[in-house]
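Read through the structure below, which is laid out as structure tokens, and then see the notes.
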Amino acid sequence: MILPSSTYRIQFNPQFTFNHLAGILDYLEDLGITGIYASPILQPAKGSSHGYDGINPAVINPELGSMEDLEQLSALIRSKGMSWIQDIVPNHLAFDTNNVWLKDVLERGINSSYASYFDIDWEHPFYQNKLMVPFLEAPLAECLQQGKIRLTFRDEGFFISYYENHYPVNIETYPLILSGCVDEDGNHINASINGLINNNRLPVEHWTRMKAALLAELEEPALLEKIRHKIDSINADLAVLQQVISTQHYVFCHHIESHTQVNYRRFFNVNGLICLRIEDDQVFEDYHRFILSLYEKGYIQGLRIDHIDGLKDPRAYIDKLRSVFGKDCYIIVEKILDVKEELPPSFDIQGTSGYEFLSYTNQLITDNRGSDLLLKFYQEMVPGYSDYDAMVFENKLSNLESYLNGEWDNLLRMLLSLNLVEDEEIKITRLKMALGVFMAAFPVYRSYIDSLPVSDRDHELITTAFATAHERHPALEYELRVLRDLFQPDEDTLKTANRLLFVQRLMQFTGPLAAKGVEDTTFYRYNALISHNEVGDEPCVLGIDIKTFHDKMIQRQIKNPLSFNCTSTHDTKRGEDNRIRINILSEVPEEWKKLVTEWRKINEAFKEEVSGTKAPILNDEYFIYQAIVGGFPEDLEVTDTFRERTKRYFTKALREGKLMSDHINPNIAYEEACSRFIDHLLNPEHSFLPSLMPFVATIIRYANLYTMVQVIVKTTAPGIPDIYQGCELWDLSYVDPDNRRPVDYELRRRLLNELNQKEQEDPQELLDWANEHYLIGTQKMFVTKEILELRKKHPVLFTQGEYIPVYPEQNERNMIAFLRHHESKWALIVLPLAIAAEPEITAVIQLPEGAPQRWKNIFTGELVSGTRHEVVDLLDIFPVAVFESE
């Protein structure tokens, strides 16, 4: 197995292609990177900025380059001793008329070769044997009246066109459309149509060839002219056009209808992403065939599995994937682990993409004593948000009721159709509510149940969920008891099998519900310290002690030493250095409280009344202040770009929070009032900026040191460090799409060249240079490069080496130290904490018996001897220290 010592996340898109990556490989090699971690490269919807909306898993995204380009790029990567870890998306594809599998389903319906590939309920009571198409901006009748839906004829046949979307017309409708166009001489055309109708179940390749022959006949000029006139007449007669539409294998719907009724499984509540039945052997084989060929050719060496929690049986999927790709393929999964949760040991993988590590590090760099003061301050301002767990529960349930009601009904219908409820007198509405309450109460994203009875761990989670559900809704005690029986085997083996079938389906929805209720709602409402409103983290926990962090790292080395260590990703709510700045507020709580109190007074005049409410409300105002501190330009120059980025970000935050606005029915008046409020805040003629900027300047100084601390922890603690594109310098971005902005690699290349030159000439001059240019991130780049080089020289030390906490002789909280040890090689890491709260370090550390006597600081080159050290001496020349044994 090829293990990278570090990875670099690349976000491919039409503006950053294979050739662009090839152009920065020398730079990445020089930085110390040994693994490319790439966003999806299979063909997505045209113009996709992320690649998670695939339309053809059998070809490379042509907007990134050709197969030849990929082959050359892969060869170049291998020549530099690098590996390639590829992100794949087995849970879903894009609901797009260019989706090669879905197009056939739209045209041939349940007869399609791919009808079983997608997670479609063909027996849904509202869409019998039809697929719902919920993309209309208004009800169908209204769209027809406005002429927005029309019949068209294109190279591949007849289509129902809606803007740029072209939905294929089924072959059974062709006689209606062609009536009056084909005379007696055209009997061969009618015969061809009948042949297609009678052979509608043929494999797609054969059927497509037959259809192509028919279309060639329709291209005869005189006939084509008649067809065009007939299409015009149909479009002019709404009754006939409606008749044509009604005979299709799909049903056009207003997009909001999917919230109450839906007959396909979506990614979360995104209509445009339709889920696959990857548990089906044929679907699995067809989806992975091409990516497997890239692995077998040596183009890629590892996989990252997106949204593993969406699959019916993740463990079975992983086992199948491992059997196909073999034991030497490095495989990690995207998995959000609760603080009390561990990756199932039965998963035959190397680990996760690292959200749990982000949480550990984020909590370490937060002062829990100062956070208590901030929490109290927040609860005084926004008293309704004092119970975080209750908020999570209610937001899950609210999302279920408002956006996922269709899925909720589908689960209930499945439960009843499998005859799993024996009480015929039970009230269905109460049973449905009990089902929703249980899902909202589930304490983690999901369980991985593949048999009944469930495992001890799953039993614990299920018991907790039912207890919480009963506590929140005690009147549903009977219905909850009925549901709990479903997690036990029955004497009837068929009933047991059906129970398992239902439970596995249920688990496919607890994850999306958690994501919508927590990440995409609560994280934009609960604003005590928004740096912890982060994927994998919990804002109800603000800071952990050093021993807890050490204990987590010891367990990580034992159980998941090859997981990624990430601090920024394409999914994080804010960039890693943005987050650090906000964390520092926990070290200066009194100053922060004083400033916020002052700002509330001086900015009150900038609020506007919208429908009887002052915009922004206090909770939103507090969010804005924190967001500005986190994202404020490091050079303290407020530009129009920064203003616009901040306003766009806050508009998204409002819609995600779903309190004052939302994505479905945005409250434009409130959003615009908040945007004007931000404009006032960032106007240098007003008093807010003069009050803010000295504080931000101080926060930046602290953050520059903390960002080095974070980099060093990420690169020396158990796990494989992953650097999100551009994060070798400061990352002050907001949530996506802000974090997918183009990266200035020319700047980074120039800085790295300067760094290398000065390192060769004079180490002290290098330190002076890094310190002098800290505002553009040179210190961060410096420590990143030095540690990545250390990891390249001694990879086993960090992948297999023991993690040994080093505690100060006095129980001080303003520093952390640990050792990595493998055979004869050692590394000692010594870092400051509580930088603003307790800047003076008086700690003394005693290294354990057997530790080396001689050490070299990889940043300064200085040599130290002995096993007992004053921490202030170790950090004298440079404020962070990593020593390797001599």
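A few points about this structure:
- Sole residue being assigned to a helix (DSSP H, G or I) and over 26 Å from Val588 (Cβ atoms), chosen from Arg701, Arg676: Arg676
- Selected residue (criterion: nearest to Thr522 (Cα to Cα)) from residues of the range 623-676 that are polar (S, T, N, Q) and touching a residue at least 60 places away in the same chain (Cβ under 8 Å): Gln626
- Going through (1) surrounded by fewer than 22 Cβ atoms within 10 Å (Cβ to Cβ); (2) modelled with pLDDT of 95 or more; (3) farther than 19 Å from Tyr706 by Cβ one by one, Cys540 falls short only on (2).
- Residues that are surrounded by fewer than 16 Cβ atoms within 10 Å (Cβ to Cβ) and within 29 Å of the chain's Cα centre (by Cα), drawn from the range 769-785: Ile776
- Matching residues in the range 373-422 - criterion: being among the acidic types (Asp, Glu) and either in a loop (DSSP other than H, G, I, E, B) or buried (at least 19 other Cβ atoms within 10 Å of the Cβ) (or both): Asp387, Glu407, Glu422
- Of all residues in the range 468-477 being in contact (Cβ under 8 Å) with a residue 24 or more places away in the chain and part of a helix (DSSP H, G or I), the one that is nearest to Phe438 (Cα to Cα): Ala469
- Looking at Leu766, Leu788, just one residue is buried (at least 18 other Cβ atoms within 10 Å of the Cβ), outside the structural domain of Ser865 (by TED's automatic domain parsing) and free of Cβ contacts under 8 Å to residues at least 60 places away in the same chain, and that residue is Leu766.
- Residue within the range 546-560 that is surrounded by 17 or more Cβ atoms within 10 Å (Cβ to Cβ), touching a strand residue (DSSP E or B) at 6+ places or on another chain (Cβ under 7 Å) and outside any helix (DSSP H, G or I) present: yes
- Those helices (runs of 4 or more DSSP H) lying entirely in the range 1-119 with at least 2 residues in contact with a helix residue (DSSP H, G or I) (Cβ under 6 Å, 6 or more places away or on another chain) and in contact (Cβ under 8 Å) with a residue 40 or more places away in the chain: 18-31, 67-79
- Of all the listed residues (Lys573, Lys601, Lys614), the sole one being farther than 16 Å from Thr707 by Cα, modelled with pLDDT of 95 or more and surrounded by 17 or more Cβ atoms within 10 Å (Cβ to Cβ) is Lys573.
- Failed item, numbered, when Asp387 is tested on (1) modelled with pLDDT of 95 or more; (2) under 22 Å from Thr510 (Cα atoms): (1)
- Inter-residue pairs, beta-carbon under 7 Å, first hydroxyl-bearing (Ser, Thr, Tyr) and in the range 269-297, second surrounded by 16 or more Cβ atoms within 10 Å (Cβ to Cβ), 6+ apart: Tyr287/Pro57; Tyr287/Pro90; Tyr287/Leu276; Tyr287/Ile278; Tyr295/Phe325; Tyr295/Cys329
- Search result, residues across the range 833-859 that are surrounded by 19 or more Cβ atoms within 10 Å (Cβ to Cβ) and out of contact with any Asp or Glu (no Cβ under 9 Å at 6 or more places or on another chain): Leu847
- Failed item, numbered, when Leu343 is tested on (1) at pLDDT 95 or above; (2) not charged (D, E, K, R); (3) not assigned by TED's automatic domain parsing to the domain that holds Gly511: (1)
- Criterion: in contact with a Lys or Arg (Cβ under 6 Å, 6 or more places away or on another chain), of a type outside the set (Phe, Trp, Tyr) and either without any contact (Cβ under 8 Å) to a residue 40 or more places away in the chain or surrounded by 14 or more Cβ atoms within 10 Å (Cβ to Cβ) (or both) - qualifying residue of Gln725, Gln757: Gln725
- Residue in the range 830-848 that is of a type in the set (D, E, K, R), touching a residue at least 12 places away in the same chain (Cβ under 8 Å) and closer than 25 Å to Gln557 by Cβ present: no
- Of all residues in the range 306-323, those that are touching a Phe, Trp or Tyr at 6+ places or on another chain (Cβ under 8 Å) and within 22 Å of Phe564 (Cβ to Cβ) total 10.
- Test for Ile171: is it touching a Leu at 6+ places or on another chain (Cβ under 6 Å) and at pLDDT 95 or above: yes
- Only residues that are surrounded by 16 or more Cβ atoms within 10 Å (Cβ to Cβ) and closer than 28 Å to Gln508 by Cβ were counted in the range 127-163, giving 8.
- Among the residues making up the range 805-821, those that are farther than 11 Å from Val871 by Cα and either assigned to a strand (DSSP E or B) or touching a Ser or Thr at 6+ places or on another chain (Cβ under 6 Å) (or both) are Pro805, Val806, Phe818, Leu819, Arg820, His821.
So that you can scan it fast, the table gives a plain yes or no per residue for (1) in a helix (DSSP H, G or I); (2) surrounded by fewer than 24 Cβ atoms within 10 Å (Cβ to Cβ); (3) of a type in the set (Asp, Glu):
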position	(1), (2), (3)
Leu501	yes, yes, no
Thr510	yes, yes, no
Thr567	no, no, no
Leu585	yes, no, no
Glu591	yes, yes, yes
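- Summed over the range 617-645, residues that are farther than 25 Å from Gln379 by Cα, β-branched (Val, Ile, Thr) and either buried (at least 17 other Cβ atoms within 10 Å of the Cβ) or within 25 Å of the chain's Cα centre (by Cα) (or both) total 1.
- Residue tally, condition charged (D, E, K, R) and in a helix (DSSP H, G or I), over the range 186-241: 9
- Condition check for Gly180: outside the structural domain of Lys312 (by TED's automatic domain parsing), outside any helix (DSSP H, G or I) and exposed (fewer than 12 other Cβ atoms within 10 Å of the Cβ): yes
- Scope the range 198-208; condition within 15 Å of Pro168 (Cα to Cα) and surrounded by fewer than 16 Cβ atoms within 10 Å (Cβ to Cβ); matching residues: Thr208
- Some residue of the range 547-564 being of a type in the set (Val, Ile, Thr) and more than 24 Å from Ile85 (Cβ to Cβ): yes
The values are calculated or read from the model by the stated rules, or taken from the named source; none is laboratory data. These numbers come from a predicted model, not from an experiment. Ideal geometry is used to build each Cβ from the backbone, glycine not excepted, and the neighbour counts take in all protein chains shown.
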